[in-house]
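Engineer: Sharing a structure with you now.
The values are calculated or read from the model by the stated rules, or taken from the named source; none is laboratory data. Values in this document were obtained by computation on a predicted structure and should not be read as measured data. Note that we place each Cβ from the backbone using ideal geometry, even for glycine, and neighbour counts take in every protein chain shown. Accessible surface areas use protein heavy atoms only, side chains included; no ligands, DNA or RNA. Shrake-Rupley method; radii C 1.70, N 1.55, O 1.52, S 1.80 Å.
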Amino acid sequence: MNKKKIALVAAVILASVALRLIFNEMRWFNLVPIAALGIFSGSILKNKTMAYLIPFGAFFVTDIFFQLFTETPGFYSWAQLFTYGAVLLITLMGTNLNPTKKLNILGYTIGGSLVFFLVSNFGVWAEGLMYPLTVSGLVECFGMALPFYKSEFATQLFVNAFAADILFSAVAFGIYNFSFAKRGQLAVA
C-alpha cells in the first residue's frame with residue numbers, strides 16, 4: 001500500500017474514533033459511523049486482517065477511553081461481545097463490496113446499520129437481565145430499543161443510517177475513488 005493510501009486509511013480511522021468520542025460527550029450515542037468504517041475497510045483493504053482490525057480496533061480503543069476517562073462505561077457486560085461481533089460481521093459484508101459502485105455502497109451502508117442494530121440488541125436480549133429469554137422477550141427487546149434511538153433530534157436510527165454512515169461512506173469512498181480510480185489503483189489497496 002502506498003503512502004497516500006496509508007494516509008487515507010489512517011485519516012478514516014482517526015475520524016471515526018474522534019466522532020465516537022465527540023458524539024458520546026454530546027450524548028448522541030448512535031451518531032457513530034462504525035458500520036461505515038467496517039464497510040469501508042472491508043472493501044478497500046486487500047489485507048483482510050487489517051480490514052477487520054481497523055473497525056474493531058477503533059471501537060475497542062474508544063471503549064477503553066470511555067472506561068478510563070468518562071462516566072460512560074466502556075465495557076458494560078458480556079453482551080457487548082455481540083456488539084463487537086456486529087462490527088466484524090459488517091466488515092465481512094464490506095469484503096464483498098465493489099468500492100466503485102455507488103448504489104451498492106449505499107445498500108451496504110444501510111445494511112450495515114441494520115445489522116449493527118439487530119445484532120447488538122440481540123445481545124442485550126441474550127444476556128437475559130432485562131428481557132425474558134422468549135420470543136416475546138426478543139420482540140419486546142427490539143421494540144424497546146427503538147425509543148433508545150430517539151433523542152434530542154428526530155430518530156437517531158435514521159440519523160445514524162443516513163447522516164453518519166451514509167455521509168461517512170460518501171466522503172470516505174468519494175475521496176478514495178477520486179484519489180485512486182483514475183489511476184486504476186483500486187485493486188492495489
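Engineer: Going by the conditions given, is L106 of a type in the set (A, V, I, L, M), in contact with a Ser or Thr (Cβ under 8 Å, 6 or more places away or on another chain), open to solvent by 20 Å² or more (accessible area, probe 1.4 Å) and in a helix (DSSP H, G or I)?
Structural biologist: In short, yes.
Engineer: On to the next question. Give the residues of the stretch 46-64 that are open to solvent by 70 Å² or more (accessible area, probe 1.4 Å) and farther than 15 Å from L88 by Cβ, sorted by residue number.
Structural biologist: K46, N47, V61
Engineer: Regarding Y84, is this residue of a type in the set (S, T, Y), within 14 Å of the chain's Cα centre (by Cα) and open to solvent by 30 Å² or more (accessible area, probe 1.4 Å)?
Structural biologist: No: the conditions fail for Y84.
Condition check ((1) more than 23 Å from I110 (Cβ to Cβ); (2) at pLDDT 80 or above; (3) surrounded by 24 or more Cβ atoms within 10 Å (Cβ to Cβ); (4) aromatic (F, W, Y)) across all residues:
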position	(1), (2), (3), (4)
M1	yes, no, no, no
I6	yes, no, no, no
A18	yes, yes, no, no
P33	no, no, yes, no
L37	no, yes, yes, no
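Engineer: Which ones in the stretch 20-31 are open to solvent by 20 Å² or more (accessible area, probe 1.4 Å) and modelled with pLDDT of 75 or more?
Structural biologist: Result: R20, L21, I22, F23, E25.
Engineer: Let me ask you something else. Determine whether G123 is buried (at least 19 other Cβ atoms within 10 Å of the Cβ) and touching an Asp or Glu at 6+ places or on another chain (Cβ under 8 Å).
Structural biologist: Criteria not met by G123.
Engineer: When you check L97 against the structure, is it aliphatic (A, V, I, L, M), open to solvent by less than 30 Å² (accessible area, probe 1.4 Å) and without any contact (Cβ under 8 Å) to a residue 60 or more places away in the chain, yes or no?
Structural biologist: Values: aliphatic (A, V, I, L, M): yes; open to solvent by less than 30 Å² (accessible area, probe 1.4 Å): yes; without any contact (Cβ under 8 Å) to a residue 60 or more places away in the chain: yes.
For L97, the condition - aliphatic (A, V, I, L, M), open to solvent by less than 30 Å² (accessible area, probe 1.4 Å) and without any contact (Cβ under 8 Å) to a residue 60 or more places away in the chain - is met.
Engineer: With the checklist (1) assigned to a helix (DSSP H, G or I); (2) under 24 Å from L118 (Cβ atoms) in hand, flag the one item G74 doesn't pass.
Structural biologist: (1)
Engineer: Also, quick follow-up: Is there a residue being under 27 Å from M144 (Cβ atoms) and either polar (S, T, N, Q) or within 11 Å of the chain's Cα centre (by Cα) (or both) anywhere in the stretch 14-28?
Structural biologist: yes
Engineer: Also, I was wondering about something else. Do we have Q67 as of a type outside the set (D, E, K, R) and surrounded by fewer than 15 Cβ atoms within 10 Å (Cβ to Cβ) here? Steps first, please.
Structural biologist: On the way: of a type outside the set (D, E, K, R): yes; surrounded by fewer than 15 Cβ atoms within 10 Å (Cβ to Cβ): yes.
In short, yes.
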